[in-house]
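The values are calculated or read from the model by the stated rules, or taken from the named source; none is laboratory data. Nothing here was measured: the structure is a model prediction, and the numbers come from that model. So basically every Cβ, Gly included, is an ideal-geometry build from the backbone, and we count neighbours across all protein chains shown.
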Amino acid sequence: MCSGSVGFEREETMAYEPVRWGILSTARVNRHFIPAAQRSLKVELVGVASRRRDRGLAYAAEWRIPRSYESYEALLADRAIEAVYVSVPNSLHCEWAIRAAAAGKHVLCEKPLGRDPGAVAAAFDQAHEAGTLLMEAFMWRHTPQTRALKQLLEEGHIGTLRLIRACFSFQVDAANIRLRPDLDGGSLMDIGCYCVNAFRLIAGEPTLVFGQQWTGATNTDAAFTASLRFAGNVLGLFDCGIALVKRDELEAIGSHGALFLDDPWHCRTPVIELRKDGSVERRVLDPANPYQLEIENFSDAIRGEAVPLLGRDDAVGQARVIQALFESAASGRALPL
Ligand SMILES: NC(=O)c1ccc[n+]([C@@H]2O[C@H](COP(=O)([O-])OP(=O)(O)OC[C@H]3O[C@@H](n4cnc5c(N)ncnc54)[C@H](OP(=O)(O)O)[C@@H]3O)[C@@H](O)[C@H]2O)c1
């Protein structure tokens, strides 16, 4: 797998024919995807589709994308496109992942793929039947910082893992899709899913979850807190919010030390602090563009030169925990898994 770096030089060498990509929607998140795709020699960004023809045309011109389509269906019908990036609102992820796979496209779908494990599994079933690949787009997982965290844990720097702590919050404006329950908005789906993803990476699948939410004016969870238990008596605590001050942290706490990440999800300033015996050792890592690493991992996989970093089990397990947390918050009870 090739690593992109911030500074953003195009790669010097090219091992295979670039994968021809299209984008479903003109979402804001595309501003991360498009430059990373255009910078990579493993990718040819061919087209973008919008529900509105005029919007698609203007967007393609603004971002220098060769083709625009008047509908998502039209993009999926274009045989020139091999892979699609699905950046529609959360509630539509599985539907469009399935429709894209049925059209023979490989699919990189924005996180979270879904909150219903059955629907997520159905999307992977469709990809399997079509002989295509599907990956949930947790870009933070592709970074050197995340790999280094895992390695430091495996090397035993903090002794026995006891507790994991994370947070992710910010403020959204009134028109944001994150405030729309019909589009599966809310803080757990939008950003709490990163905390769930990190806990599962570090400690495996939880055995018990307890969630609480503060439901805001639009009936989405404006803030969510979660307490989880994992095998080996490892405990996890996270909070997330879309009506809170901006915060993002991840900490793995052990019997003899703690690993602290101040920027775990975007990895713009990758540093891992090892806090131990009253001192702090800082591991400074090279910056890398998470989106480019993700696109290149998936493009490599399409060309048979890698496996997708995140597969079916990861995405279904992710949905299973999110679903259980929502059920727990609704019932007021802890839920064994
Ligand atoms: N990985 C990351 O770093 C990251 C960051 C931010 C967001 N995300 C994820 O990316 C996805 C999009 O988030 P965003 O904030 O970029 O969204 P956004 O700006 O609101 O855009 C969503 C797009 O979806 C399309 N769409 C299709 N059906 C829609 C509907 N019924 N209502 C509204 N829009 C609809 C629209 O494009 P057209 O009108 O052109 O069809 C719209 O531009 C979410 O799943 C989110 O979780 C990921």
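Just a yes or no: is a residue in the range 134-144 away from the ligand (no atom under 11 Å from the Cβ) and either modelled with pLDDT under 95 or over 26 Å from residue 260 (Cα atoms) (or both)?
Within the range 134-144 (the criterion being away from the ligand (no atom under 11 Å from the Cβ) and either modelled with pLDDT under 95 or over 26 Å from residue 260 (Cα atoms) (or both)), the answer is yes, since at least one residue qualifies.
Residues 178, 165: which one is crowded, with 20+ Cβ neighbours inside 10 Å, in contact (Cβ under 8 Å) with a residue 24 or more places away in the chain and not small (Gly, Ala, Ser)?
The conditions single out 178.
List every residue pair whose Cβ atoms sit under 9 Å apart, with the two residues 6 or more apart in sequence or on different chains, where the first one lies in the range 282-304 and is without any contact (Cβ under 8 Å) to a residue 12 or more places away in the chain and the second, anywhere, is surrounded by 21 or more Cβ atoms within 10 Å (Cβ to Cβ) and not in a loop (DSSP other than H, G, I, E, B).
Taking only residues 6 or more apart or on different chains, the pairs are 282/272.
Is it true that some residue in the range 114-124 is closer than 14 Å to residue 23 by Cβ, out of contact with any Ser or Thr (no Cβ under 9 Å at 6 or more places or on another chain) and more than 9 Å from the ligand (Cβ to nearest atom)?
no
Since residue 278 meets every condition but one in (1) of a type outside the set (D, E, K, R); (2) at negative phi; (3) modelled with pLDDT under 95, which condition does it not meet?
If we test residue 278 against (1) of a type outside the set (D, E, K, R); (2) at negative phi; (3) modelled with pLDDT under 95, just (2) comes out false.
Across the range 237-262, what is the total count of residues that are touching a residue at least 60 places away in the same chain (Cβ under 8 Å) and either surrounded by 23 or more Cβ atoms within 10 Å (Cβ to Cβ) or within 20 Å of the chain's Cα centre (by Cα) (or both)?
Of the residues in the range 237-262, 15 are touching a residue at least 60 places away in the same chain (Cβ under 8 Å) and either surrounded by 23 or more Cβ atoms within 10 Å (Cβ to Cβ) or within 20 Å of the chain's Cα centre (by Cα) (or both).
Determine which single condition residue 61 fails, assuming it passes every other condition in (1) touching a Lys or Arg at 6+ places or on another chain (Cβ under 8 Å); (2) surrounded by fewer than 16 Cβ atoms within 10 Å (Cβ to Cβ).
(1)
Being in a strand (DSSP E or B) and closer than 18 Å to residue 252 by Cα is the filter here, so list the residues in the range 210-231 that pass it.
Passing the criteria: 225, 226, 227, 228, 229, 230.
Condition (residue is touching a Pro at 6+ places or on another chain (Cβ under 9 Å), aromatic (Phe, Trp, Tyr) and modelled with pLDDT of 95 or more) applied to the range 222-238: is it met by at least one residue?
Scanning the range 222-238, I find at least one residue that is touching a Pro at 6+ places or on another chain (Cβ under 9 Å), aromatic (Phe, Trp, Tyr) and modelled with pLDDT of 95 or more, so the answer is yes.
Matching residues to (1) part of a loop (DSSP other than H, G, I, E, B); (2) modelled with pLDDT under 95; (3) touching a His at 6+ places or on another chain (Cβ under 7 Å); (4) among the aromatic types (Phe, Trp, Tyr):
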| position | (1), (2), (3), (4) |
| --- | --- |
| 2 | yes, yes, no, no |
| 7 | yes, yes, no, no |
| 10 | yes, yes, no, no |
| 32 | no, no, no, no |
| 37 | no, no, no, no |
| 55 | no, no, no, no |
| 61 | no, no, no, no |
| 80 | yes, no, no, no |
